[in-house]
């Protein structure tokens with residue numbers, strides 16, 4: 001039969017040992033971000049003037065496009081695509097857990113004809 005002092009010592013050891021074993025598992029979290037392309041600031045994009053800004057100036061301002069598409073009217077559409085995907089998750093005591101995901105997309109289009117920017121527009125989704 002255990003006396004009261006031995007019982008307290010055994011209980012304390014069990015609590016401390018259990019705390020040490022679970023200490024690394026109490027709270028955990030992780031996050032990740034994947035980025036494709038680069039965003040184009042609205043202010044930068046709007047500095048281009050239709051029928052004034054040259055194709056060369058536009059490329060100097062925005063850099064190389066993700067892709068180009070031939071337009072039906074002998075023009076060329078420069079397409080700039082950007083996507084950011086952030087995911088995070090966490091748990092407490094391996095009992096409660098949660099996760100979240102956020103995706104931001106931007107596609108910028110620039111129509112060029114005869115060496116001049118004719119039209120430009122942005123599509124954004126957050």
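Observations on the model:
- When DSSP beta bridges are restricted to pairs lying wholly in segment 27-125, around 100% turn out antiparallel.
- As a length-normalised measure over Cα pairs under 8 Å and 6 or more apart, the relative contact order of segment 27-125 settles at 33 percent.
- Additional length obtainable on full extension of the chain from residue 99 to residue 34, 0.36 nm per residue less Cα span: 21.8 nm
- Overall form of segment 42-99 per C-alpha gyration tensor (a/c, 1.5; a/b vs b/c): prolate
- Separation of alpha-carbon centers, segment 39-58 and segment 100-115, rounded to whole Å: 13
- Point-to-point label distance, residue 52-residue 81, nm (Cα→Cβ direction, 7 Å offset): 3.2
- Legend: translational diffusion of segment 27-125 by Stokes-Einstein, Rh = Kirkwood radius over C-alpha pairs, 10 °C, 1.306 mPa s; D = 102 µm²/s.
Readers should treat all values here as calculations from the given coordinates under stated rules, not as data from a laboratory. As the structure is a prediction and not an experimental result, all values here were calculated from the model. Cβ: placed from backbone, ideal geometry, glycine included. Neighbour counts: every protein chain shown.
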